[in-house]
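Visitor: One structure, pasted below without further comment.
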Amino acid sequence: MTTTIETQPAETVPEDGKPVVELKATGKSYGNIRALHGVSLSVHPGKVTCVLGDNGAGKSTLIKIISGLHQHTEGGLLVDGRPVHFSTPREALDAGIATVYQDLAVVPLMPVWRNFFLGSEMTKGPWPLRRLDIETMKKTADEELRNMGIVLDDLEQPIGTLSGGQRQCVAIARAVYFGARVLILDEPTAALGVKQSGVVLKYIAMARDRGLGVIFITHNPHHAYMVGDHFSVLRLGTLELSASRDEVSLEELTNHMAGGAELAALKHELAQVSGVDTEELPEEGDVTTPAATAPDGSA
Ligand SMILES: Nc1ncnc2c1ncn2[C@@H]1O[C@H](COP(=O)(O)OP(=O)(O)O)[C@@H](O)[C@H]1O
Ligand SMILES: [Mg+2]
């Protein structure tokens, strides 16, 4: 485990590196429900690939395929250029693909350091006298969290006492420590406030700067645009947009998600209800319609 200076990108990140994970016209049917169809996407080291889409768009299905929870029924999944079929999440993990799920798999009453090593505990002593190496685990967890700029007063505190944002950050630091090459985050900011979302976005950027390929699933085009290098928008299981950062503006991305227009409409409605402060919501005029912004009319 190398310790890089927080703000500096890892030197080993190749500019135009080969993708570590690729989907090629991948699809998935659950019985006769086709949840995903013809989706192509690539994940590069040191880059953030954002997957956006409304509820039911197929985002979770996509990451379940990459993380080994489900198998694809169409197309291909490639790791380092080789076609793979993961039958368990363990196989994906062994290939360096770590997933942080929205409902984090933590044991709320266990201390932070125990959760950091959950399922991969350090032990010491020869068999059959092997026992948990508590001291080293505590020390390592503390160092690793500090390396990521996460300073907690007390690693003995139950992880359940941390804020949602802090828990996400611990999960990201854990994936980095255990040598993940690809980090998948399923809507890590969905349940968080503005400030906490910002903190999580910072750690996404840090994981990227350490050379991990990040897949960031989100509803929120603003969050995506703050850290994203590539944007894939899913709609009803197919790719509606796949564009790199220089090919799409935040405004266009927002229009693809329609989130901005909906908020503006909501503001208009809420403004008629007394006692609701709509100050922070966008104005309807602020949100351009897809027709007005898409230069090639593809929106
Ligand atoms: N295990 C499953 N069995 C049947 N249908 C499913 C299953 N998981 C998801 N689906 C369906 O697949 C579609 C995509 O779902 P999902 O991938 O969860 O979307 P998202 O994460 O973007 O909200 C939805 O129509 C959903 O109902
Ligand atoms: Mg989902």
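Each value in this text was obtained by applying a stated rule to the coordinates, not by laboratory testing. Please read all numbers here as calculations on a predicted model, not as lab measurements. Cβ coordinates were reconstructed from backbone atoms using ideal geometry, including for glycine residues, and neighbour counts include every protein chain displayed.
Visitor: If you only keep lysine pairs separated by 8 or more in sequence, or across chains, how many in region 21-257 come under 29 Å at the Cα atoms?
Guide: 20
Visitor: Ok, one more. What order do you get for Arg181, Arg130, Arg146 when you list them from fewest to most C-beta neighbours inside 10 Å?
Guide: Least to most surrounded, the residues fall as Arg130, Arg146, Arg181.
Visitor: Per residue of region 23-35, in order, report the coupling 6.51 cos²θ - 1.76 cosθ + 1.60 (Karplus, θ = phi - 60°) as ³J(HN,Hα) in whole Hz, putting x for Gly and Pro.
Guide: Rounded to whole hertz, the list is 10, 10, 6, 7, x, 8, 10, 9, x, 9, 8, 8, 7.
Visitor: Compute for region 146-190: radius of gyration divided by Kirkwood radius, i.e. Rg/Rh, restricted to C-alpha atoms, rounded to two decimals.
Guide: 0.97
Visitor: May I ask you to list the chymotrypsin sites (Phe, Trp or Tyr not before Pro) in region 36-113 that are in a DSSP loop and have at most 13 other Cβ atoms within 10 Å of their Cβ?
Guide: Answer in residue order: no site qualifies.
Visitor: Relative contact order for region 75-176: what percent, with Cα pairs under 8 Å and sequence separation of 6 or more?
Guide: 30
Visitor: Just want the ordering: Met257, Met148, Met110, from fewest to most Cβ atoms lying within 10 Å of their own Cβ.
Guide: Met110, Met148, Met257
Visitor: Which order results if Lys47, Lys139 are arranged by neighbouring Cβ count within 10 Å, fewest first?
Guide: So the residues, fewest neighbours to most, are Lys139, Lys47.
Visitor: Shifting gears a bit: With +1 on each Lys and Arg Cβ and -1 on each Asp and Glu Cβ, and nothing else charged, work out how big the dipole of region 21-257 is about its Cα centre, in Debye to the nearest 20.
Guide: Roughly 460 debye, rounded to the nearest 20.
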